[in-house]
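Report on one structure; see the data block that follows.
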Amino acid sequence: MASMKHEAQVSTPEGLEITGPVLDRYEEILTPEALELIARLHRELGGRRLELLEARRRRVAALADGATLDFLPQTAPIRDDDGWRVAPPAPGLVDRRVEITGPTDRKMTVNALNSGAKVWLADFEDANTPRWESVVGGQLNLLDAINRAIDFTAETGKTYALKPDEELSTIVVRPRGWHLPEKHILVDGERTSGSLVDFALYLATAGRRQLEKGLGPYFYLPKMESHLEARLWNDAFLLAQEFLGIPRGTIRATVLIETYPAAFEMEEILYELREHSAGLNAGRWDFMFSVIKCFRTRGREFLLPDRNAVTMTVPFMRGYTELLVRTCHKRGAHAIGGMAAFIPSKDPEVNAAAFAKVRADKEREAGDGFDGSWVAHPGMVELCNEVFTGVLGDRPNQLDRLREDVHVTAAQLLDVASTPGEVTEAGLRNNISVGIQYLAAWLRGQGAVAIFNLMEDAATAEISRSQVWQWLHNDVTLADTGHTVTRELIDRIVEEEIAKLPGDAGAYEEARRVFLEVAVADEYADFLTLPAYEHMP
C-alpha cells in the first residue's frame, strides 16, 4: 500500500526513492521540482560533502598527534586584502537587533512570527528532530505561514493567528549540518544530505513564495568547520538558483561560528559566500562542545569546568566574540550575538535573577558592537529589543563600528587553560540529568525542550555528554565532594537523577542507553545525533 501511495501522490525523478510515508499534503513539498533539485545537488555535490567530512576526521587525528589550530597561511592574501566586502544587507535583514529561534511546529511558527523579533530562525537543526514527519511537516508549516493559511484553534480553545505581514519576523531557515544524512530520501541508492534536503525543499516551495514577497530566501548555516565547507554551500546556492531560474545572489546566508576550527577561518568563510553572505553568529554550547571534540586527547590543557561557569567573558570566548565583530564589520557583514535561553518563570525571584543576567549579557553584546542577538522565547524579545535599541537608537545596525581596536591572536583563541571555575558533582549531575531529559524528548520527536527554566536544544545535550566524557577520561576530581569521576560514579548518578524525573523510569531507558553510549565510550562519538538518528523510525 505504501508504494501505491507514493506513486499516487509524488512523482519522483529517475534514481530518487522516498522511503518515508507520504502523508496528507506531502505532495505540496515533495514536488517534482524540489525532488529533481535534491537529485542534482546530491549527484553534483554529495561526493565533495563526504570528502569534507573525511577532512574533519583527518584534522582531529592531526590534533591528537600534537598539531594545533591557527590562522591559515595559504589564505593570508584574503585576510590581508582590505578591498572586498560581502553583499549589502538584503530586505528584511537590515535591522536584526533581536532574533528568535525555534522549531517549525505549527504553534511555534505563529508565535515566532508574531513575537516582535526582527528575524525568526526557523529551525530544522538543533531545535528540531530529524523525524520524517518533522522534516516535511515543518516545511508545510512554513509554506502555510507564507501563504497566510496557518491560523488554527488548539484543543485548549486558544486561537493562533498571524498578524499583518508587515508586523511579522523575517523567516531565516536553518537546515541541518553537513554531517547529518537524510535516510528517507535516497538518490542512486545512497542516503542524501540532510542539509541539502532541507535547503532544496524550502527553496523550491516556500522559498519561492518568500521571494515573491521580497523577503528571501534566507538561511542560517550551522556546524561548519572550514571555508571549504562554506564554498560547498556557495556552490549549492549557485546550482539551485540556476536550476530554479532565480537571479544569482538572491539567496543570503548567515553562518554560525560554532566550531573551534571555524573561528580561525571567519574571514575566509565570509569570502567564500560573499555574494550570498548576510553575516556571522556567535554560538556558545556548540563552540564549547567543539573545543572538547578537537582537543579531547590533549588532557587537562583543554579541560573545561562546569558548563554554566563558562560564560562569554572567559578569555578564549571573549577573544572569539571580539574577533567575530571585528571580522564582520570590516567586511560589511552583520555580527549576531548568542542565545538567551531563559524561559520566563512564574516564580518572581527566578525571573528577576534571570532577566538581570540576560540584560547584562545583551548589554555586553550591544556594547561590543554586535548588531543583534538571539532569544529562545517570545517573552524575552522585549528585553533584547530594549537593550539593543538603547545602543542603536534609530539606526538599523552598527556596521559602521569597525572595532579596529581588536587584535586577537591564535594563542588567545586557544587559551582554554585560563578559564576560571571548577568541576563539581552538581555540574556532573546537571549534565547527566539535562542530557537524558533532552534525549528522551528528542527521541519522541521534540527538539526544543524546557528544562530547569531554560529552552534546551541538541547543542546542550552535546556539551553535556562531552563534558561527562572529558571528565571521565581525565580522572577529574570533583571540587565539592572530592570524588573522582569514574564509570561507577556516573552509573550511580544516572540512576539517581532518573529517579527524580517525573513518570516511569522505563520511559527514560532508551535515552539513558543512548546517552551512556556516547558519554562513557572509549571512543568519542563525533555527534550524539548520529547514533540517536538510527534509533528513529
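Conditions (1) at pLDDT 95 or above; (2) outside any loop (DSSP other than H, G, I, E, B), marked per residue:
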residue: E422; (1), (2): yes, no
residue: V468; (1), (2): yes, yes
residue: D480; (1), (2): yes, no
residue: E496; (1), (2): yes, yes
residue: H535; (1), (2): no, no
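Scanning for something open to solvent by 30 Å² or more (accessible area, probe 1.4 Å), over 22 Å from the mean Cα position of the chain (by Cα) and among the acidic types (D, E), does segment 477-489 turn up at least one residue? Taking every residue of segment 477-489 in turn, at least one turns out to be open to solvent by 30 Å² or more (accessible area, probe 1.4 Å), over 22 Å from the mean Cα position of the chain (by Cα) and among the acidic types (D, E).
Just to be sure, is V135 open to solvent by less than 10 Å² (accessible area, probe 1.4 Å) and touching a His at 6+ places or on another chain (Cβ under 9 Å)? Yes, satisfied. Under the condition of being over 29 Å from V520 (Cβ atoms) and small (G, A, S), the residues counted in segment 264-299 number 4. What tally of residues in segment 310-338 results from selecting those that are open to solvent by 20 Å² or more (accessible area, probe 1.4 Å) and at pLDDT 95 or above? Summing the residues that are open to solvent by 20 Å² or more (accessible area, probe 1.4 Å) and at pLDDT 95 or above in segment 310-338 gives 7.
Only a single item in (1) in contact with a helix residue (DSSP H, G or I) (Cβ under 9 Å, 6 or more places away or on another chain); (2) assigned to a helix (DSSP H, G or I); (3) under 19 Å from E44 (Cα atoms) is not met by E242, and it is number (1). Within the option set L180, L168, being more than 24 Å from Q398 (Cα to Cα) and touching a helix residue (DSSP H, G or I) at 6+ places or on another chain (Cβ under 8 Å) holds for one residue only, L180. The single condition from (1) without any contact (Cβ under 8 Å) to a residue 12 or more places away in the chain; (2) buried (at least 22 other Cβ atoms within 10 Å of the Cβ) that P348 fails is (2).
The rows are residues; the columns are (1) open to solvent by less than 50 Å² (accessible area, probe 1.4 Å); (2) in contact (Cβ under 8 Å) with a residue 40 or more places away in the chain; (3) not acidic (D, E); (4) not in a loop (DSSP other than H, G, I, E, B).
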site	(1), (2), (3), (4)
A67	yes, no, yes, no
D70	no, yes, no, no
E99	yes, yes, no, yes
G102	yes, yes, yes, yes
E125	yes, yes, no, no
T129	yes, yes, yes, no
L143	yes, yes, yes, yes
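Can you find a residue in segment 451-467 that is of a type in the set (F, W, Y) and open to solvent by less than 10 Å² (accessible area, probe 1.4 Å)? Among the residues of segment 451-467, not one is of a type in the set (F, W, Y) and open to solvent by less than 10 Å² (accessible area, probe 1.4 Å), which makes the answer no.
Scanning segment 183-197 for residues that are open to solvent by less than 20 Å² (accessible area, probe 1.4 Å), out of contact with any Ser or Thr (no Cβ under 8 Å at 6 or more places or on another chain), under 14 Å from G20 (Cβ atoms) and not small (G, A, S) yields T192, V197. Filtered by the rule that a residue be open to solvent by 10 Å² or more (accessible area, probe 1.4 Å) and at pLDDT 95 or above, segment 295-306 gives L303, D306. For the residues L180, L186, L232, L211, the requirement of being touching a Pro at 6+ places or on another chain (Cβ under 7 Å) and closer than 30 Å to M536 by Cα singles out L180.
Tell me, please, whether a residue that is among the charged types (D, E, K, R), crowded, with 24+ Cβ neighbours inside 10 Å and either in contact with a Leu (Cβ under 6 Å, 6 or more places away or on another chain) or in contact (Cβ under 8 Å) with a residue 12 or more places away in the chain (or both) can be found in segment 239-249.
For segment 239-249, residues among the charged types (D, E, K, R), crowded, with 24+ Cβ neighbours inside 10 Å and either in contact with a Leu (Cβ under 6 Å, 6 or more places away or on another chain) or in contact (Cβ under 8 Å) with a residue 12 or more places away in the chain (or both): absent.
Reported count of residues in segment 396-429, each being open to solvent by less than 20 Å² (accessible area, probe 1.4 Å) and more than 30 Å from V485 (Cα to Cα), is 3.
Taking the numbered list (1) open to solvent by 20 Å² or more (accessible area, probe 1.4 Å); (2) outside any loop (DSSP other than H, G, I, E, B); (3) of a type in the set (A, V, I, L, M); (4) in contact (Cβ under 8 Å) with a residue 12 or more places away in the chain in turn, L41 passes all entries but (1). Taking the stated definitions as given, is L256 open to solvent by 10 Å² or more (accessible area, probe 1.4 Å), outside any loop (DSSP other than H, G, I, E, B) and under 26 Å from R318 (Cα atoms)? In short, no.
Any residue that is part of a loop (DSSP other than H, G, I, E, B), within 24 Å of V98 (Cβ to Cβ), open to solvent by 20 Å² or more (accessible area, probe 1.4 Å) and not β-branched (V, I, T) - is there at least one of those in segment 166-182? Walk me through how you get there before you give the answer.
Here is the first cut: in segment 166-182, the ones part of a loop (DSSP other than H, G, I, E, B) are 168-169, 175-180.
Okay, now just the ones that are also within 24 Å of V98 (Cβ to Cβ), so 168-169, 175.
With the extra rule that they be open to solvent by 20 Å² or more (accessible area, probe 1.4 Å), the set shrinks to 168.
Still in the list and also not β-branched (V, I, T): 168.
The answer is yes, given that some residue of segment 166-182 is part of a loop (DSSP other than H, G, I, E, B), within 24 Å of V98 (Cβ to Cβ), open to solvent by 20 Å² or more (accessible area, probe 1.4 Å) and not β-branched (V, I, T).
Within segment 324-343, residues that are under 13 Å from R85 (Cα atoms) reach no partner that is at pLDDT below 95 with beta carbons closer than 9 Å at six or more positions or on different chains. Checking each residue in segment 207-247 for being among the hydrophobic types (A, V, I, L, M, F, W, C) and either farther than 27 Å from T529 by Cα or in contact with a Cys (Cβ under 6 Å, 6 or more places away or on another chain) (or both) picks out L211, L215, L238, L239, A240, F243, L244, I246.
The values are calculated or read from the model by the stated rules, or taken from the named source; none is laboratory data. On a predicted model such as this, the values are computed, not experimentally measured, just so you know. For neighbour counting, all protein chains shown are included, and Cβ atoms are generated from backbone atoms with ideal geometry for every residue, glycine included. Just so you know, the surface numbers come from the protein's heavy atoms only, side chains and all, with ligands and any DNA or RNA stripped out. Shrake-Rupley method; radii C 1.70, N 1.55, O 1.52, S 1.80 Å.
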